[in-house]
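Q: Take this structure first; my questions come after.
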Amino acid sequence: MEEHDYDYVIVGSGFGGSVSAYRLSQKGYRVLVVEQGRRWTPDNLPTTNWKFWDYLWRPFLKLKGFLSLRLFRHVMILHGNAVGGGSITYAQTLLVPPDSVWQDGNWAGLDDWQTVMPEHYDTAQRMLGVAENRRPGPADNRLQTMARATGVEDSFYYTRVGVFFGDDDDEPGQSYPDPYFDGEGPSRNSCIGCGGCMVGCRYNAKNTLDKNYLYLAERLGAEVRAETRVVDVRPLAGCEDGAQGYQIETRATFDRRQEPTRITAANVVFAASSLGTQELLFSLKDRGSLPNISDDLGNRVRTNSESILGVRYPGSQEDLSQGVAIGSGIYIDAHTHIEAVRYPKGSNLLSSLLTVLTGGRPGPARALVWLWAILKLLVRRPLDGLRSLVPYRFASETVIFLVMQTIDGHINMRWRRPWFWPFRKTLSSHGDPIPTFIPEANSFTEKAARATGGIGLSSLSEILFNVPMTAHCMGGCAMAKSPDEGVIDARNRVFNYQNLYVVDGSMLSANLGVNPSLTITALAERAMSFIPAKSEVVHKNRG
C-alpha cells in the first residue's frame, strides 16, 4: 500500500463516506475523502432558502448551495452536496426500520440481519447523538390533534433526532464542551428550536457529519478535498481486477480551467449518494475504465414510495416553523408513515412545489381536477384561498407531511443520451411509474385539514407531471449474492473487482418506510467492521 499516494480514496463525504473515513483512519490507513460540494460553517450558511445561490446546487448555473433538485421522468429527487453530504440539509430524523425490511429485496438471506444489525444501529445512534425530540412545536401539536381526529392518536410519537438539546434546566442556545466524544469532538450549543435544520443549522446544535464522524476522521489525519469531483477511476499496472490499486482522476467542481489531478490508491470506496455513485459507475463502465461492473447497475432504485402533502393555515397566529425540522410522526396504517415537517420562518422558497389538495387518478385529467379544486376553494374561502396560493408566510403557516410506505416499488436508472441534449450521456429513469397518489394519505390530509380548519396541500409535480418527490433515493447498486442480482456482495465489495467498495444509499435493497440515514450509517459501520487494521495487513503480507 505504501507504493500508492493513499491507502483509501473515498468518493463522497455523506453517511457512508464519513463513517468509512473515520473507521479506516482509526485502523491506521492513509485516507483521502474527495467531495464535490463546499464546506459549510455557521458563517457561510444561508439565512433563508430565498438565498438560492447558496441553497440550491446547480454548478453550471453558478448555484453553489447544498440542495440538488433533479427531475426525472418518474421522480423528482432531492439530495445534498456538501462536506458532510446530505447531513447539512437533512432533517436529522434517525429511525430504525421495521424488521420486515430485511426479508425484502436482494439482501434477504445474505446475513442474519436481525441478529447482526442491532449492534451497528446502537453504534450509529451513539455516534450521531440520537435523542428524542425535546423541542416540540406548534406543528407537532397540530399533528397530534389530527391523529386524534382521525383515530390514530395511539401511533403518535416524537421523533428521534440527531440534535443536541443540552440539559433540561438550561436555556436553549447554551454552549457546552464536547458532550459526545470525551472531549475529542467540538463544543456544541443546545437547540433553540428555530426550525432551520434543512436550511443548515447556524446555531451549532445539529449533529451533522462534520461534527462527529468526519470531524474525528480529520483529527486522525484523514484529508478532505472539498469542491473536487472524481471523473475517472481505473485499475493500475494493467491489472483488470484492481488487485494492484487504482488511479483516480479529479477535477475542480467550480473552476473548469484547472488541470485534472491524478492520484493513486490501493482501495477506492464509492460513497457519493445513490444518484452520485450510480452516475459515476455508469460513466466508468461506459468509458471502459471499469467495464466489468455488473450489468445490474441502476436496477431497483427505490424512493420509500413517498408523497409530499400538507395543511396550511392562512393567517395563523401560531408560528408553525418553530421546533426541529421533523418533530413528530404517526402511522395511519401498517404500511403508511407520516411525519410533520417544517422550514424556518421566512424560508418560503419551496412553497412553489405545493398547491391545493387534489384528488383524482394520476394522468393528464388530474390537472383539470386541480383547477376545479382551486376554483372551489376560492369560492368557499376566497381570502384564505388566495393566501394559501402565495409564498408569503408559507413556513410559518404550514405543516408539511412527509408520507412514506414500506410497500415495494421501484424504477430503474439507465445511461442514455437525452433527446433534448444528445451530446453526452446522463442518468434517465425507466420502468413502471412510481405511484404518485396514495389514497390513504390524501384521505388523511383531507380529514385533518377539515378537523383543524386548514387547507390541504398536494405536490404540484404529482399533479402536473405525474411525478412524485422524494428525498430518499435508495438502491441502484444493490447488495446481492451474485453479479447477476446486484452490484456488491454482502461485505460491500464490488463484484468482479478487488479493493473496490460501495458504501452509501445505493446499497439498500428495500423500501425502509422511514428516513434512511441511520440505516446507511449502521450498514457502513458493518461494512468497515470487515476490514482489518492496517498493521494486521502489513504483518500478514510480510509473513
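Q: Sort out which residues of the range 498-531 are open to solvent by 20 Å² or more (accessible area, probe 1.4 Å) and either within 23 Å of Q247 (Cα to Cα) or touching a His at 6+ places or on another chain (Cβ under 7 Å) (or both), and write them in order of number.
A: Q498, N499, Y501
Q: Give I407, I400, I374 a once-over and let me know the one that is out of contact with any Ser or Thr (no Cβ under 9 Å at 6 or more places or on another chain) and either hydrophobic (A, V, I, L, M, F, W, C) or over 30 Å from G327 (Cα atoms) (or both).
A: Among I407, I400, I374, only I400 is out of contact with any Ser or Thr (no Cβ under 9 Å at 6 or more places or on another chain) and either hydrophobic (A, V, I, L, M, F, W, C) or over 30 Å from G327 (Cα atoms) (or both).
Q: Count, please, the residues in the range 435-450 that happen to be touching a residue at least 24 places away in the same chain (Cβ under 8 Å) and open to solvent by 60 Å² or more (accessible area, probe 1.4 Å).
A: 4
Q: Every residue in the range 77-109 that is part of a loop (DSSP other than H, G, I, E, B), farther than 24 Å from M413 by Cα and among the small types (G, A, S), please.
A: Listed by number, the residues that qualify are G84, A91, G109.
Q: Checking C239 against (1) open to solvent by less than 40 Å² (accessible area, probe 1.4 Å); (2) closer than 17 Å to D5 by Cα; (3) modelled with pLDDT under 95, which test does it fail?
A: Result: C239 fails condition (2) only.
Q: May I ask you to verify whether V231 is out of contact with any His (no Cβ under 6 Å at 6 or more places or on another chain), free of Cβ contacts under 8 Å to residues at least 60 places away in the same chain and among the β-branched types (V, I, T)?
A: So V231 passes the test.
Q: Out of the residues in the range 415-433 that are of a type in the set (D, E, K, R) and surrounded by fewer than 16 Cβ atoms within 10 Å (Cβ to Cβ), which is farthest from V101 (Cα to Cα)?
A: R424
Q: For the range 110-145, name all the residues that are outside any helix (DSSP H, G or I), open to solvent by less than 60 Å² (accessible area, probe 1.4 Å) and either without any contact (Cβ under 8 Å) to a residue 40 or more places away in the chain or aliphatic (A, V, I, L, M) (or both).
A: L110, L128, V130, A131
Q: Restricted to the range 276-304, and to residues that are among the basic types (K, R) and open to solvent by 20 Å² or more (accessible area, probe 1.4 Å), which residue is farthest from the chain's Cα centre (by Cα)?
A: R287
Q: Turning to a different aspect of this structure: If a residue has to be in contact with a Phe, Trp or Tyr (Cβ under 8 Å, 6 or more places away or on another chain) and farther than 25 Å from A533 by Cβ to count, how many in the range 1-47 make the cut?
A: So the count comes out to 5.
Q: Exactly one condition in (1) farther than 30 Å from Y203 by Cβ; (2) surrounded by fewer than 20 Cβ atoms within 10 Å (Cβ to Cβ); (3) at pLDDT 95 or above is not met by V11; state its number.
A: Going through (1) farther than 30 Å from Y203 by Cβ; (2) surrounded by fewer than 20 Cβ atoms within 10 Å (Cβ to Cβ); (3) at pLDDT 95 or above one by one, V11 breaks only (2).
Q: On to the next question. Does T303 meet the test of being at pLDDT 90 or above and among the β-branched types (V, I, T)?
A: no
Q: Looking at the range 320-352, which of its residues are in contact (Cβ under 8 Å) with a residue 24 or more places away in the chain and open to solvent by 40 Å² or more (accessible area, probe 1.4 Å)?
A: Answer for the range 320-352, where residues must be in contact (Cβ under 8 Å) with a residue 24 or more places away in the chain and open to solvent by 40 Å² or more (accessible area, probe 1.4 Å): Q322, Y331, D333, H335, K345, S352.
Q: Among the residues of the range 88-109, write down those that are in contact with a Lys or Arg (Cβ under 8 Å, 6 or more places away or on another chain) and surrounded by 14 or more Cβ atoms within 10 Å (Cβ to Cβ).
A: Those that are in contact with a Lys or Arg (Cβ under 8 Å, 6 or more places away or on another chain) and surrounded by 14 or more Cβ atoms within 10 Å (Cβ to Cβ): Q92, T93, L94, L95, G105, N106.
Q: Can you pull out the strands (runs of 3 or more DSSP E) entirely within the range 3-71 that have at least 1 residues that are over 29 Å from N348 (Cβ atoms)?
A: 6-11, 31-34
Q: Name the residue that is surrounded by the fewest Cβ atoms within 10 Å (Cβ to Cβ), counting only residues in the range 242-258 that are of a type in the set (K, R) and under 20 Å from G65 (Cα atoms).
A: Step by step, filter the range 242-258, then rank; the result is R256.
Q: D432 is checked against (1) out of contact with any Pro (no Cβ under 9 Å at 6 or more places or on another chain); (2) touching a residue at least 24 places away in the same chain (Cβ under 8 Å); (3) of a type outside the set (S, T, Y) and fails just one. What number does that condition carry?
A: Here D432 meets the rest and fails (2).
Q: Continuing with the same structure: Taking R491 and the conditions (1) at pLDDT 85 or above; (2) crowded, with 17+ Cβ neighbours inside 10 Å, which numbered condition does it fall short on, given that it satisfies the others?
A: Going through the list (1) at pLDDT 85 or above; (2) crowded, with 17+ Cβ neighbours inside 10 Å, R491 breaks only (2).
Q: Additional query: Quick check on my filter: what residues within the range 207-234 are open to solvent by less than 40 Å² (accessible area, probe 1.4 Å) and in contact with a strand residue (DSSP E or B) (Cβ under 6 Å, 6 or more places away or on another chain)?
A: N207, A222, V224, T228, V230, V231, D232, V233
The values are calculated or read from the model by the stated rules, or taken from the named source; none is laboratory data. A quick note: this is a predicted structure, and the numbers were derived from the prediction, not measured. No Cβ is skipped: glycine too gets one built from the backbone with ideal geometry, and neighbour counts run over all protein chains shown. Keep in mind that these areas ignore ligands, DNA and RNA; they rest on the heavy atoms of the full protein, side chains included. Shrake-Rupley method; radii C 1.70, N 1.55, O 1.52, S 1.80 Å.
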